Structure formats: structure tokens, C-alpha cells
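Scroll down for the structure; my scribbles are underneath it.
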Amino acid sequence: MQKDPPKTMAATILRRSDHYVFQIGAVLVDPQGRCVSWGWNTYNQGTGWLSGHAEVQAVRRANRKRLRGSSVYVAGMSRKSGQPVLAKPCKACAKLLAHFGIRMAYFTTKKGWESVVWG
């Protein structure tokens with residue numbers, strides 16, 4: 001059985017999103033390339049404005065002891081057009097990810113994938 005690459009997993013998981021404008025999927029991967037957790041955005045989840053972000057959902061679902069040194073892959077798509085959108089983690093999500101030791105983020109743009117390193 002062949003494993004899907006994290007970029008493919010993030011692009012697949014975003015389809016679970018019930019958000020009416022943008023569908024976002026996030027996959028956390030440990031340094032060995034194993035999937036640690038995943039999440040997708042929603043407009044009706046929990047309290048607070050960050051609670052519906054895909055990155056927050058992935059961190060909530062994860063074993064926090066496995067997060068240090070991990071990377072996050074975030075894919076975004078317009079629900080209306082089905083085209084990729086910028087899915088770079090917002091400043092608050094970046095701060096949360098850095099707090100748990102996630103230093104690298106890969107994310108979609110309109111033209112493909114890019115990456116950013118924190119710390």
C-alpha cells in the first residue's frame with residue numbers, strides 16, 4: 001500500500017470543510033514523514049474566532065508530544081471555483097504552531113506550493 005504525500009493528503013482533507021467560501025485542510029507530519037494529525041476549517045466549531053481554523057483543528061487532534069519538529073501542510077481551495085487559494089497560516093495560527101514546535105509550513109498559493117520557516 002502506497003502512502004499519499006502530505007500535500008495530497010491536505011488537498012484531500014479540505015473537501016471535508018463545510019465553510020461556504022474557502023475550504024482549507026491541514027496535515028501535521030513528524031520529522032520522519034509520518035502523519036501526526038489533520039484538520040479542516042469550519043465556520044461553526046467551538047468558541048473564539050480561531051477555533052474554526054484547520055491548523056487549530058489539527059493541533060487539537062494531535063498527540064502534542066509528537067509535534068516538536070513537525071511540519072504542517074495547508075491546502076486551500078475556493079468552494080465556488082474549485083481553484084487553489086492562498087492558505088498561508090495567519091499570524092495567530094503561526095504563533096500557535098511555533099508554540100508547539102512546528103517550525104515549517106508548506107501552503108498553497110494560486111500558483112502552487114510555497115513554504116515558510118518560523119523561529
**OP:** Report ³J(HN,Hα) in whole Hz for each residue of the stretch 76-88, in order, from the Karplus equation J = 6.51 cos²θ - 1.76 cosθ + 1.60 where θ = phi - 60°; Gly and Pro get x.
**Re:** x, 8, 6, 5, 6, 9, x, 8, x, 10, 5, 10, 5
Subject >> Relative contact order computed over the chain (Cα-Cα under 8 Å; 6+ residues apart), in percent >> reply: 22
**OP:** Excluding residues on the same chain fewer than 8 positions from LYS80, give the lysines whose Cα lies under 23 Å from its Cα.
**Re:** LYS7, LYS88, LYS110, LYS111
**OP:** Name the long-range amide H neighbours of SER70: under 5 Å, sequence gap of 5 or more, or other chain; modelled H, no Pro or chain starts.
**Re:** ARG103
Original post:
With r defined as the distance between the Cβ atoms of ARG61 and VAL117 and R0 fixed at 30 Å, what FRET efficiency is calculated, to the nearest 0.05?
Top reply: 0.80
**OP:** Averaging over all projection directions, find the projected area of the Cα convex hull of the chain and quote it in nm² with one decimal place.
**Re:** 7.3
Original post:
Taking +1 at the Cβ of each Lys and Arg and -1 at the Cβ of each Asp and Glu, which of HIS53, SER71, GLY112 sits farthest along the dipole of the chain towards its positive end, judged by Cα position relative to the Cα centre?
Top reply: SER71
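Bear in mind that the values in this text are calculations on the coordinates, not laboratory data. For clarity, every value in this text was computed on a predicted model and none was experimentally measured. Note that we place each Cβ from the backbone using ideal geometry, even for glycine, and neighbour counts take in every protein chain shown.
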